[in-house]
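First comes the structure, then the notes that go with it.
The values are calculated or read from the model by the stated rules, or taken from the named source; none is laboratory data. Just so we're clear, the structure is a prediction, and the values are computed from it rather than from any experiment. Note that each Cβ is placed from the backbone with ideal geometry, even for glycine, and that neighbours are counted across all protein chains shown. With ligands, DNA and RNA removed, areas are computed over all heavy atoms of the protein, side chains included. Shrake-Rupley method; radii C 1.70, N 1.55, O 1.52, S 1.80 Å.
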Amino acid sequence: MTRLYPVPARVSEGSPSKIASMDDWRQQWLAAKDNPDGFWLDQTKARLAWTTEPSQGLSGDFHNIAEQQVAWFADGTLNVTESCLDQHLATRGDKVAILWEGDEPGTTRTLTYAQLHAEVCKAADALRAMGVQKGERVIIYMGMVPEAAIAMLACARIGAVHSVVFGGFSAEALRDRIRDCAAEVIITQDQGLRGGRTIPLKATCDEACVGERHVRRVLVYQHTGAPVAWLPERDVWWHDAVKDASADLAAVTCAAEDPLFVLYTSGSTGRPKGLVHTCAGYMTWASYTHETVFDLREDDIYACVADVGWITGHTYIVYGPLCNGATTLMFESTPLYPDAGRYWDMVERHKVSIFYTAPTAIRALAAQGDDFVTRYDRSSLRVLGTVGEPINPEAWEWYYDVVGEKGCNIVDTWWQTETGGIAITPIAPATPTKPGSATLPNPAIVPTLLDDNALPIVGPGEGRLCLAQPWPGMARTVWGDHERYVATYFSTFPGYYFTGDGCRRDADGYHFITGRVDDVLNVSGHRMGTAEFEAVLISVEAIAEAGVVGFPHPIKGQGVYAYVVLQPGADPGADLMKAANAACREQIGAHARIDVVQVVPGLPKTRSGKVMRRILRKVAEGMPEALGDVSTLADPTVVEAIVAGAVRV
Ligand code: WTA
């Protein structure tokens, strides 16, 4: 039985939260379940600056989702930037909204709410002057500079739909996304900076746009000042565009269910999907979860060290904290630059009180020893969050003991791009924790574990994690392909949203996420599809067929293991791994790296030609004795060859 950690006094004392105890949590969870309309209408009216307040709560459900999208607050109108900016001007105009820490330690910039409002208005006016219309998609391909957040909010200010593409993606991956959402305008910067290295964002953007005639404008923020190629009829400098722009631009009124952004994410099959989040439900969920989970207080310095290219950056660097009037830190660098003390150096200098990172970073830092942590003063910390992948109890305990000195609560937050915000999590001032457990559901989240027969498990057990009721922050559809949305999330278990994750629930009702049960990999918290890797591999000249699976990795959580069948006569020798990874870098991005390549005579296929991935997984995990029944294979001898040639990792 895992030990229960009570909430440390530093966290529970003086909590302003409406969820400050387990009784509060129970009461709110039940209220949201029994009366979702009333509960969430109250929340949204208290949190957002509505133009026309909604009278409707939820419409739609998981049974008829093919015909009707889920909607929340459908008859209300608003512009979300008024919730993030304008509503704070009178009371928090001079409060720091964005605290930016650049790549070099101590390089900082601050923007107050008044300044951020002005910058967003100017950028919005610049976009408007370029002819960007309400509903039009704008791609944002930037690093972690305040202008990335300004660009997102500027799109929202004029009702345009942003799609942020992580700055590590390659030109090909960027081009796919530009095409999929038919974007005509891109916002980028000359270069990004990360860990002392430059990232050629404008050059990659140029490469992505070759032949893409529909891209009519590229707005370029100057960050490093490095020379860049320039197409005068297409490219515009940010500083020129905002020079004479209005610092007080009226916001365009949107419907509650108008799309706010599209964010691409990987799934089991095919190309990444553009998940659509809409204005009001997403914002309500972002604001509610950010405030309650982290127990936000007025003078907190809140630091989420994710990248705005992922959902965590959208919800917990930009939209949630700004809606709540918080001071949100944006971090341009890496946890290891210039050394493994960087986070804690930053915590000391900025007096960070809430800190949110990923298990991969925690494991990497723990491996470097405690000195890098203990040499800095961390007494300002109160809440420590983690997200993106399962956290192993050893890493959890290191975070709790060493970083938090047993005085902070750890919130292991489980959620997904699709859920829009945190779904299963401890509430910082209320929930006793267990290492490795995301604990209990937020109000509106009704987790259900389904067994092999698709039947709900009652009490303790392990199964596939599904959610039984709609919540305000859920993605409404896949851009341009509602059928794919329904097929991906609602067809495996009709009537439920299927998360793709496995989960164990203990006798206390605590949830332990066991990882993906589909063909999605989670490498260092980056979500990637095995199908994407396989498509890249078969584009390599020497490779005829490929099967990719994950294996447990001590730092990255999962590593990538590729089985390849060579083309007849091909002998790439030691260059195979190099060629494979060069192709991954080119077609996906630098974060997509294969750890192991094993050449096999054939893939284990059933007589109907389906690859038995279970076998590939077991061998990669170093458990060939647990292969199970292989009698349905077309050619059982390939298994012997695969086991004999397995690479120990
Ligand atoms: C995994 C990131 C265990 C999970 C916000 C999920 C987690 C996927 C946790 C979504 C956690 C996220 N414990 N696993 N606390 N948080 N995951 O869309 O497999 O990039 O399905 O969203 O990350 O990844 P995504």
Problem - Residue-span extension gain [Lys406 to Asp299] - 0.36 nm each, minus C-alpha spacing - result: 36.3 nm
Completion exercise
Under the rule rounded for a/c under 1.5, else prolate if a/b exceeds b/c, else oblate, using alpha carbon gyration tensor axes a ≥ b ≥ c, region 23-103 is classed as prolate
Exercise for the section: Search the structure for amide H atoms under 5 Å from the amide H of Ala49, placed 1.01 Å from N in the peptide plane, and list their residues when 5 or more places away or on another chain. Expected result: Ser83
Practice task
Count neighbours as other Cβ atoms within 10 Å of each site's Cβ, and list the trypsin sites (Lys or Arg not before Pro) in region 183-257 that are DSSP loop with at most 11 such neighbours.
Solution key: Arg213
Exercise for the section: Could you list the residues of region 449-482 with an amide nitrogen less than 20 Å from a label point located 7 Å from the Cα of Met623 in the Cα-to-C-beta direction? Expected result: 450-453, 461-465
Handout entry: Length-normalised contact order for region 113-255 - Cα pairs under 8 Å, 6+ apart - percent
Key = 30 percent
Completion exercise
The answer for trypsin sites (Lys or Arg not before Pro) in region 77-164 that fall in a DSSP coil and have at most 16 neighbouring Cβ atoms within 10 Å is Lys95, Lys134
Fill in the blank from the handout: Checked region 371-454 with the C-alpha gyration tensor, a ≥ b ≥ c its square-rooted eigenvalues, rounded below a/c of 1.5, otherwise prolate if a/b is larger than b/c and oblate if not; verdict prolate
Handout entry: Dimensionless Rg ratio for the chain, taking C-alpha atoms and the 2.2 N^0.38 Å reference
Key = 0.94
Problem - J(HN,Hα) series, region 152-161, from Karplus relation 6.51 cos²θ - 1.76 cosθ + 1.60, nearest Hz, glycine and proline x - result: 4, 5, 5, 4, 4, 4, 9, x, 7, 9
Exercise for the section: Using DSSP to define loop residues, name the trypsin sites (Lys or Arg not before Pro) in region 526-620 whose beta-carbon has at most 12 other beta-carbon atoms within 10 Å. Expected result: Arg607, Lys610
Handout entry: Inter-label distance for Arg216 and Asp94, nm, one decimal - labels placed 7 Å from Cα along Cα-to-Cβ
Key = 4.4 nm
Handout entry: For region 204-298, Kirkwood radius (reciprocal of mean inverse C-alpha pair distance, Å)
Key = 17.8 Å
Exercise for the section: Work out from phi, with θ = phi - 60° and the Karplus expression 6.51 cos²θ - 1.76 cosθ + 1.60, the ³J(HN,Hα) of each residue of region 28-42, listed in order in whole Hz, and give x for Gly and Pro. Expected result: 6, 5, 5, 4, 5, 6, 7, 9, x, 4, x, 4, 7, 5, 4
Fill in the blank from the handout: Dividing the mean separation of Cα pairs under 8 Å (6+ apart) by the residue count of region 74-146 yields a relative contact order in percent of 27 percent
Problem - Whole-Hz couplings from phi, Karplus 6.51/-1.76/1.60, listed for region 612-618; x for Gly and Pro - result: 8, 5, 3, 5, 4, 5, 4
Fill in the blank from the handout: A 1.4 Å probe over the protein heavy atoms gives region 266-406 a carbon and sulfur accessible-area percentage of 51 percent
Completion exercise
Everything considered on the Cα gyration tensor (a ≥ b ≥ c; rounded for a/c under 1.5, else prolate if a/b is larger than b/c, else oblate), region 497-649 must be described as oblate
Exercise for the section: Could you tally the net charge around Asp180, taking each other residue with its Cβ under 10 Å from the Cβ of Asp180, Lys/Arg +1 and Asp/Glu -1? Expected result: +4
Exercise for the section: Could you tell me the distance between the Cα centroids of region 309-332 and region 426-465, to the nearest Å? Expected result: 26 Å
